Amino acid sequence: MVSFLIRRVFYAIIMLILVSFISFLIINLPAGDFMDQKIAELEARGDKSAVARVEDYRVRYGLDKPMLTQYWIWISNFVRGDFGLSFQFERPVKELIGQRLTLSILLSLTTLTITWLIAIPLGVYSAVNQYSIGDQVITTIAFIGIGLPGFLLALLVLYVAIVILNQDVVGLFSREFQDAPWSLAKIWDLLKHLWVPALIGAVTGTAGTIRIMRGNLLDTLGQPFIEAARARGLKSRRVIWKHAVRMAITPLVIILGTEAFPGILAGNILVEVVLGLPTIGPLYINALTTQDMFMAGTVLVLIVFLLLVGNLITDLVLAWIDPRVRLE
Amino acid sequence: MSEITDDVLVSIRNLRIRFDVRDGIVNAVDGANFTIRRGKTLGVIGESGCGKSMTAKAIMNMVPKPGVMTGEVTLYKRHVENGSQVVEEIRIDQLDKDGEEIRNIRGGVITMIFQEPMSSLTPVFTAGLHIMEAVKLHRFLPIESIGDTMTRNIQKKREVSPEEAREIAIDMLQKVGLPNAAQRVDSYPHQLSGGQRQRVMIAIALSTHPELLIADEPTTALDVSIEAQILDLMRELQETVDMAILFITHNMGVIAEMADEMVVMYMGKEVEEGSVVDIFENPKHPYTRLLLASIPEIGEKKRELATIKGMTPSPFNLPTGCVFHPRCPDFMPGKCDVVKPLLATVAKNQNARCLMYDPCWPNTAEAQAVKAKA
């Protein structure tokens, strides 16, 4: 077990190095850099001294050096916990991400909890009562949920909330709490805003999860050990929850590890952009479009890091819930 | 309730199980009648799809959706009341499928072992947990210590504790011949071989002291040497506990080895029933004869293996008259394809569903019509 863990961590580190390098390359692929945009912007404003100042910036950020050197400087600082400076905000990437990380985690956890709380019981109901009216209704709603893009739903919610109900649903805080220090009132205000994106994320996430749960459970319910459990005189509900759901939940655990973990940073970026949330998603999109490469690279590496951590945790959880995958 | 007078444990009367499916109606069981006697082994034999397994499920009231069961399945449950044994008649077919009464019978009075030992144990639970699950539901221990009166012992019972359940599990695994039972109790199904898993299934089934064990092709998925071991084990265990066995198989050899009485089924009906000795020595129904003739014999050379011509008919399009007539070597035109035969007594304690033996046949309306035509 310990050697398994060490091996997995070792592979994860190699993977992270590769990913960081390749993402750095890709972010640098488009012609020019952030400074070219900056120059164009400043010149358009008629700022003649801009060109000279920009060269200072280039030297300061190391943009005049060859790319491999740039990468080396960035990655060696990265390991020490210094993720570089954001060009756009002229502040450390770490600080910018740190500000938004809590909200991102909070949002994704809320979304995930709502999703599972809705999806698992509905999926179980759907499978146990296959082809019943309830199952048909759930299936129809699930397909609409799968087909409906989250950002569209977000726009619809915005329209209904702002134009019809005259409610403020944009962002995660009301204006008066935006820069206020944390207090009970601010947390309450956050919760009042949080449920909108969480619910939108849950609607789209629930749909797929219901279908997966239903399909797996149907497969499991057809297995001989279910009939055998029933023949031992167990209550139907106990057979379903103790024997069938226990077996059918494995794929959901895999999804949890491989989608939910990276989803903390890049779960529902489009929804977050539409609703203007102060989370990492919009920051990441913005960094990519403006070639704010340390910012973009850092988020990308963190996403992959979370994916790898998620995978490792998934493997451990699977070994815990299913003795067949345990290493002897 | 009545005083115990006879040895009938389960009686099945006119059992029909119907499935309304997209392509039509299938009668998986089409009027089966038979009786399971206490302490005896009844063998049920037939081709795939003849309704053997479905009959077994009907006895447990576990007919899967969308199956509809009609007819009577009666359990004569024995228990002690005020010091004397009484027999309670329970109509299993009328019980609520997930109700308390049937759940006490399932796994308690009637237990079952299955064809697929590989997948009949939940993969994430240990062998012991399966046994403990059954024991906790169905085994009760007397509260009073030994030495108290019999009646009080019987009346005051409590559930077994987890430690006792574990002890029972180990004890049962020992009884079914699993080596290192004390360690094996914590083995997961994938750590056991097919034969060992079937032993565990038998241990689960016997751990609750059932009155009837339904064995639905318990050795079909095992190789012959393991099959012999499992059959020996079942026979040995049956001798030590007073338990009836309903043994479902498609193997005549296994019936001969295990059963006292047998029922031959074809397309949801029993075509012949009687004692195993009588039927093997003197099979009456043409189908039984053909089944016996198609067993290869050791030492026999240059004989083409006998087969039954044709295939089982489509359940959606059953032949008229006797369902076996298109495949029957003794087919009587104008008779077998018109009249549905009834079960007729052909010898002492031996019945066959064939017009050759049907005493009423000449008097039925159909018979008159056939005669008039001829």
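Each value in this text was obtained by applying a stated rule to the coordinates, not by laboratory testing. Computed from a prediction, not measured in an experiment: that's the story for all the values here. Here the Cβ is made from the backbone with ideal geometry for all residues, glycine too, and neighbour counts use every protein chain on show.
Which shape class, rounded, prolate or oblate, goes with chain A when its Cα gyration tensor gives a ≥ b ≥ c as root eigenvalues, a/c under 1.5 marks rounded, and past that a/b bigger than b/c marks prolate? Note, shape of chain A comes out oblate. Across the stretch A:35-44, coupling constants 3J(HN,Hα) worked out from phi with the 6.51/-1.76/1.60 Karplus curve, θ = phi - 60°, read 5, 4, 5, 4, 4, 4, 5, 5, 5, 4 Hz, and Gly and Pro carry x.
Note on the stretch B:30-48 and the stretch A:184-219: Cα centroid distance 54 Å, given to the nearest whole angstrom. The residue among A:VAL59, A:ILE75, A:LEU5 whose Cα reaches farthest toward the positive pole of the charge dipole of the stretch A:2-92, with charges on the beta-carbon of Lys, Arg, Asp and Glu, is A:LEU5. Loop-located trypsin sites (Lys or Arg not before Pro) in the stretch A:77-114 (DSSP state not H, G, I, E or B) with no more than 16 neighbouring Cβ atoms inside 10 Å: A:ARG80. Our note on the geometry: Cα centres of the stretch B:316-354 and the stretch A:255-308, 75 Å apart. Relative to the longest principal axis of the Cα atoms of chain A, the long axis of helix A:93-128 lies at roughly 20 degrees. For the stretch A:100-325, a crude dipole built from +1 on the beta carbon of Lys and Arg and -1 on the beta carbon of Asp and Glu, taken about the Cα centre, is about 960 debye to the nearest 20. Fewest neighbouring Cβ atoms within 10 Å first, the residues B:LYS348, A:LYS186, B:LYS77 line up as B:LYS348, A:LYS186, B:LYS77.
Close amide-amide hydrogen proximity is noted between B:VAL44 and B:PHE247, B:ILE248, B:THR249, B:VAL263, each under 5 Å apart and 5 or more residues distant or on a separate chain (H modeled in the peptide plane; Pro and chain starts excluded). Sites listed here are chymotrypsin sites (Phe, Trp or Tyr not before Pro) in the stretch A:135-202 whose DSSP assignment is loop and whose Cβ has at most 15 other Cβ atoms within 10 Å: A:TRP182.
Fewest neighbouring Cβ atoms within 10 Å first, the residues B:GLU217, B:GLU261, B:GLU272, B:GLU163 line up as B:GLU163, B:GLU217, B:GLU261, B:GLU272. With respect to chain B, whose longest principal axis is taken over its alpha-carbon atoms, helix B:127-138 is tilted by about 90°. Across the stretch A:83-89, coupling constants 3J(HN,Hα) worked out from phi with the 6.51/-1.76/1.60 Karplus curve, θ = phi - 60°, read 8, x, 9, 7, 5, 5, 8 Hz, and Gly and Pro carry x.
Proximity of backbone amide H atoms, modeled 1.01 Å from N, is registered between A:GLN167 and A:ILE162 at under 5 Å, excluding neighbours fewer than 5 places apart on the same chain. Calculate, for A:GLU90 and A:VAL325, the FRET efficiency according to 1/(1 + (r/R0)^6) with r their C-beta to C-beta distance and R0 41 Å; round to the nearest 0.05. Once rounded, the FRET efficiency stands at 0.25. Taking Cα centre as origin and charging only the Cβ of basic (Lys, Arg, +1) and acidic (Asp, Glu, -1) residues, the dipole magnitude of chain B rounds to 920 debye.
Karplus-based coupling profile of the stretch B:216-232, in residue order and whole Hz: 8, 6, x, 10, 4, 8, 9, 7, 4, 5, 5, 4, 4, 4, 5, 5, 4, with θ = phi - 60° in 6.51 cos²θ - 1.76 cosθ + 1.60 and x standing for Gly or Pro.
Ranked by how many other Cβ atoms sit within 10 Å of their own Cβ, fewest first, the residues B:SER120, A:SER132, B:SER225 fall in the order B:SER225, A:SER132, B:SER120. Seen against the Cα atoms of chain A and their longest principal axis, helix A:50-61 is set at about 50 degrees. Cross-link pairs exceeding 28 Å between alpha carbons, from the set A:LYS38/A:LYS94; B:LYS52/B:LYS340; B:LYS65/B:LYS284; B:LYS77/B:LYS340; B:LYS77/B:LYS136; B:LYS40/B:LYS175: B:LYS65/B:LYS284; B:LYS77/B:LYS340.
In this structure, the amide hydrogen of B:LEU9, modeled 1.01 Å from its nitrogen in the peptide plane, lies closer than 5 angstrom to those of B:ILE36, B:ARG37, B:ARG38, counting only residues at least 5 positions away or on a different chain. With contributions of -39500 (n - 2.57) from each DSSP H run of at least four residues, the per-residue ellipticity at 222 nm computed over the protein assembly as shown stands at -15000 deg cm²/dmol. Here the calculated FRET efficiency for B:GLN229 and B:ARG13, from their Cβ-Cβ distance with R0 = 35 Å, stands at 0.45, rounded to the nearest 0.05. If I histogram all Cα-Cα distances within the protein assembly as shown using bins 10 Å wide from 0, what percent of pairs lands in each bin? Bins of 10 Å from zero give 3, 11, 17, 17, 14, 11, 10, 8, 5, 3, 1, 0, 0 percent of pairs.
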